[in-house]
Amino acid sequence: RCKVHDRLQSESGITVLFLESICTDESVLHNNYRLKLANADYTGVDAAEATSDFLQRVQRYEQAYQMLEDVEKGQLRSYIKIFDAGVKLISHRCQTDARKTIYGHILT
């Protein structure tokens, strides 16, 4: 994230706003897993094998993922965190107009 943030700001002066989706709602997760198993990665693969593979991928992502923090490597971060597909939203250092626009898109 730091490299992306620094490059965008230094090369083009873009103000960076990170979006983070955090989901712990089992029904939402299982629905998303079901949808993922229909993608091209799993065409022709046995359903049980595909499910096992995908759940292993999720575990690897969870182990490697670092949640957004207010300050990362000494730099303040602007972000919106989306919990459980829009049940809860948290914004940090996000301008009011941008937040209203983004919230409108997230919640539709």
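Taken over segment 67-82, the residue count meeting the criterion of being exposed (fewer than 10 other Cβ atoms within 10 Å of the Cβ) and either small (Gly, Ala, Ser) or part of a loop (DSSP other than H, G, I, E, B) (or both) is 2. Quick one: Ser21 ticks every box in (1) within 20 Å of Ile106 (Cα to Cα); (2) in contact with a helix residue (DSSP H, G or I) (Cβ under 7 Å, 6 or more places away or on another chain) except a single one, so which number is it? Only one criterion in (1) within 20 Å of Ile106 (Cα to Cα); (2) in contact with a helix residue (DSSP H, G or I) (Cβ under 7 Å, 6 or more places away or on another chain) is unmet by Ser21, namely (2).
The numbered conditions (1) polar (S, T, N, Q); (2) more than 30 Å from Thr108 (Cβ to Cβ); (3) touching a strand residue (DSSP E or B) at 6+ places or on another chain (Cβ under 7 Å) are all true for Ser10 except (3).
Among all positions in segment 29-43, there is no residue which is surrounded by 13 or more Cβ atoms within 10 Å (Cβ to Cβ), touching a Leu at 6+ places or on another chain (Cβ under 7 Å) and either outside any helix (DSSP H, G or I) or of a type in the set (S, T, N, Q) (or both). Can you pull out every residue in segment 88-108 that is loosely packed, with under 11 Cβ neighbours inside 10 Å and of a type in the set (A, V, I, L, M, F, W, C)? Hit for segment 88-108 is Leu107, nothing else.
Please go through segment 1-28 and pick out each residue that is assigned to a strand (DSSP E or B) and either exposed (fewer than 11 other Cβ atoms within 10 Å of the Cβ) or small (Gly, Ala, Ser) (or both). Listed by number, the list holds a single entry, Ser21. Scanning segment 56-66 finds no residues that are surrounded by 15 or more Cβ atoms within 10 Å (Cβ to Cβ), assigned to a loop (DSSP other than H, G, I, E, B), modelled with pLDDT of 90 or more and touching a strand residue (DSSP E or B) at 6+ places or on another chain (Cβ under 9 Å).
The values are calculated or read from the model by the stated rules, or taken from the named source; none is laboratory data. For clarity, every value in this text was computed on a predicted model and none was experimentally measured. Backbone-built Cβ (ideal geometry, glycine too); neighbour counts: all protein chains shown.
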